[in-house]
Structures are given as C-alpha cells and as structure tokens.
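A.B. asks: Here it is: the structure, laid out below.
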Amino acid sequence: KMLYSNMSVSAYGNIDEIEYYVNNFNEIFQKFEQEVRFSINSILTYLENGGGLIFPIPVMPVDIEPILEDISKKIHELAQLQQNRNNFWIEYHNIAAKEFIFNNKATIIQYHQELKYKQWLSHLIKQLNTSIISKKIGDIMTEEAINLQHDEFIAHLNCFNSELSNKVKISKSRTTIGQAFMKCNFSEVSDDMGTILSEGEQRIVSLSNFLAECTIDNKLNSIIFDDPVTSLDTDYRELIAVKLVNLAQTRQIIVLTHDLSFMRLLMDIHKTETSNDCEIIGIDKYNGVTGIVTDEIPYLAKNLQERVDSIQRIIREHDSLSITNAHEREVKLDSARKRFRMLLERSVEEVLSNRTYERFSKNINLKRGYLSSYVVTEETDINFILGLFGKYSITEHDGGISTIPRLPSKTDIEDDIREFSLWKNSFKAKLKAFREASVG
C-alpha cells in the first residue's frame, strides 16, 4: 500500500513538440492525467477500505498515434542521414587520399623503389660476410683509388725526374678489414728501391708520394714541410723550390728550415713567379734565450737590396742613440761596416757576374743572358767595387796603435750606400740595354 501511495506520472517531456502537430494536445493530456490520477486514488481507496472497484480505463485519443508514427519515421530518416553523412566523409577522405597519391605519384614511386632497393641491400648484407666485403673493397681500391693515387704521384715525380717517373709505380700490397695498403716499387725489376736509387732520388720519390696524398682529388689542404731538402738533394733543390712555390698559389704552404740557401732560393723563386714577397718568420736566440719570434731573416740570406735596407736601418738606429753614448754608437757603425763589406762580396755574384755563378749552387749558368754582364763590365765598375772593398776591409785587420786607421764614418757609410745603389741600378740598366740590342 505504501509503495503505491507514492505513484505519480511524470509529464511528457516533448509536449511542445507534439503541440506543433495537435493544437489542443496539452488539454487532452491533462484530462488524461486527471483520469489516471483518479484511477490511482480509486485503487488506493479499494486497497485500504475494500468494497467494489469500478473505474473507467482512460484511453489516449487515437489522433496521437499517426503523429507518433510520423515522429518515429523522421527519427529513422535522420538516423539514416547521419549514417549517410558518415559514409560521405569516409568517401571524401578516400578521394582526397587518391588525389594526393596521383599528384605525388613520381615521388611516391621513387620512395617505393628506394625502399625496395634498401630492402634488397639489407637482404644481401645478411647473406655476405666481412671477408667478401673486404675483398670487394680491395678490388675497388685497385681499380679506382690506387690508379688515381698512382697518376697523381707520377705527375708530381715527373716535375722532378721524368726518367725516374717512367720506372716506378704505386700498387696494392694488401687489404685488411676494408683498408687497402699501397707500396711504391719499380715497374719492371723486383729489387728494393733503396738498393738502386740514391738518397736524393729516394727523397723525391717520398716527397712526390706525400704530395700526391695532399693534392689528390683536387684537395687544397694546407701543407707543412720540415726541411724538405737536404745536402743530398743538390740536383733537385731548385725543382723542389719551384714545386712548393707553385703549390703555394692555391693553398697555404709552410716550410720549416734552417737551410739559408734553400730559404733564399724559395724567396727568389716566389718573387719571380708572383712579383710578391713570401712571408718569413724566424726563430732567434738572444742572451741565452731561445725561441724569440722575429720577421728578420739572417743577413747571409738577404739579397742586395735587403742588405742595403739593413745597413740603412742600422744607421737610423745609430742616429737615435744619445750623442754621449759613444760605445753603442761605435758598435752600430762597426756592424754597418762589416755588413757593407759582405754587401760588396755579394754584389760580385748578383751584379758583376749576374748570377752566372753563386755560392751553394751546383751549376755555373753558361747562358747568354747571364754571361752578358761580363761584356758590359768596364774597368770603372771593377775599380768602384775594389775601392769600396778596400775601404771596408780595414776593420778586419789589427794595425796596431802606432798608426790608427781612419774608419768609415757614419757620413761615409751613408754616401757610399747611396753611390752603391746608383751604381747597381746603372749597371743593371746598362745590362738590360745590351740584351735588348742583342735581341734586336
């Protein structure tokens, strides 16, 4: 009884929607609800008091049934539209995907082919072992890399000794874990190169091989040489210097050497080839301290003009000293006198003989261009050099204190330097005029 006493019928939630179709549906529904409540109360009274139970069973008007059916039909249609919409979206994405594939067909095919190729390579790698790979790499090195190294090596060696370049070769010695090792030997004989070639020839073979490694495949790496020539390379010093200067046109070349003759050779060839001076950095020692960096090259390695500049700088340093500092001023003048004498000695090689012969050189240049200096040399030229040489040789001898020789003063040195420069330029102009007249 208590359970049924709380029974109630909730209002229909979509009355507003139904009234769109039936104008008086709300009144009908309220009447229906009242009849239902009356029936519920009658049942409760019967259960409490007993007696008879008579009440009419309310029935909804028949007019609502087609409306409900219509609503159900529309709900079904809307559900079908939603399903069709989802199908349309799926079809749209399929079409968009096909359009993308069509527009990028070439790229997709390329990627697909690369994927197949990589899968094929992966399959082959699994079938191979390291020994087969090492052997294949060795074969490739033999056919390509070693041949390239050989050609580069022969090209460099041909610059030094064309006859020797026709007798040696680069070949493979062995292959280990994918690395090919090479050796240099004779093309036709099996003897060791060290038993046949001289030390100088072995040197240029090693140098050519080193240069080949540095320049192969048009590489422009910086190259550092530590004394690239020795006393055994007299036949190749100039050729090596020319090669280094030529390489320096396209890359940085650093030469570490204590060979002043070779350094002078490099400087002169570089000046001739490029019309520019190469950069010189020296390591000096002073007062027990070594490793002093300087841009001053040793006086013995200087040419005539550089020696003239050096003497003039000493004179300027002399002038900067205090007038009361007689000792230091005399030391400067004595240094200038000694260097003047060395300047005159060098002028015999560079001016009078026109480099026909030079100290540290293995040859005498018996060519018309060099020997022309002997034709234009006059007695006045010889007397000029001898006069200055005698004047600056006094400082090399001890004449005793009974007769103190008159040493060249600062003014003498300045005048002599000026006259020497004028004579040098005049002699070179005279030599040039003779050559041009001879050619004409």
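The values are calculated or read from the model by the stated rules, or taken from the named source; none is laboratory data. All values reported here derive from a predicted model rather than from experimental measurement. Methodologically, a virtual Cβ is constructed for each residue, glycine included, from the backbone with ideal geometry; neighbour enumeration extends over all protein chains shown.
A.B. asks: What's the total number of residues in segment 278-302 that are more than 20 Å from ILE240 (Cβ to Cβ) and either assigned to a helix (DSSP H, G or I) or not small (Gly, Ala, Ser) (or both)?
C.D. replies: The initial filter retains those residues of segment 278-302 that are more than 20 Å from ILE240 (Cβ to Cβ), namely 281-296, 298-300, 302.
After this cut, where a residue has to be either assigned to a helix (DSSP H, G or I) or not small (Gly, Ala, Ser) (or both) as well, the list is 281, 283-287, 289-290, 292-296, 298-300, 302.
Adding up the residues that qualify gives 17.
A.B. asks: Sort out which residues of segment 238-288 are touching a residue at least 40 places away in the same chain (Cβ under 8 Å) and either of a type in the set (Lys, Arg) or closer than 17 Å to ILE224 by Cβ (or both), and write them in order of number.
C.D. replies: ILE240, LYS243
A.B. asks: Can you pull out every residue in segment 312-328 that is touching a residue at least 60 places away in the same chain (Cβ under 8 Å) and in contact with a Leu (Cβ under 7 Å, 6 or more places away or on another chain)?
C.D. replies: If the condition is that a residue be touching a residue at least 60 places away in the same chain (Cβ under 8 Å) and in contact with a Leu (Cβ under 7 Å, 6 or more places away or on another chain), then HIS318 is the only one that fits.
A.B. asks: Now, a different point. Could you tell me which numbered condition ASN158 fails, if it satisfies all but one of (1) crowded, with 18+ Cβ neighbours inside 10 Å; (2) modelled with pLDDT of 90 or more?
C.D. replies: Failing condition for ASN158: (1).
A.B. asks: Would you tally the residues in segment 217-271 being closer than 18 Å to GLY200 by Cα and either in the same structural domain as ILE204 (by TED's automatic domain parsing) or in a loop (DSSP other than H, G, I, E, B) (or both)?
C.D. replies: Final tally of qualifying residues: 9.
A.B. asks: Then there is this: Here's a check for you: in segment 173-219, which residue that is at pLDDT below 85 and touching a Gly at 6+ places or on another chain (Cβ under 7 Å) is nearest to VAL229 (Cα to Cα)?
C.D. replies: This residue is ALA180.
A.B. asks: Would you check if LYS73 is of a type in the set (Lys, Arg) and either surrounded by 10 or more Cβ atoms within 10 Å (Cβ to Cβ) or at pLDDT 60 or above (or both)?
C.D. replies: Numbers: of a type in the set (Lys, Arg): yes; either surrounded by 10 or more Cβ atoms within 10 Å (Cβ to Cβ) or at pLDDT 60 or above (or both): yes.
Yes.
A.B. asks: I'd like to check something: does segment 279-297 contain any residue that is surrounded by 12 or more Cβ atoms within 10 Å (Cβ to Cβ) and of a type in the set (Phe, Trp, Tyr)?
C.D. replies: No, segment 279-297 has no match at all.
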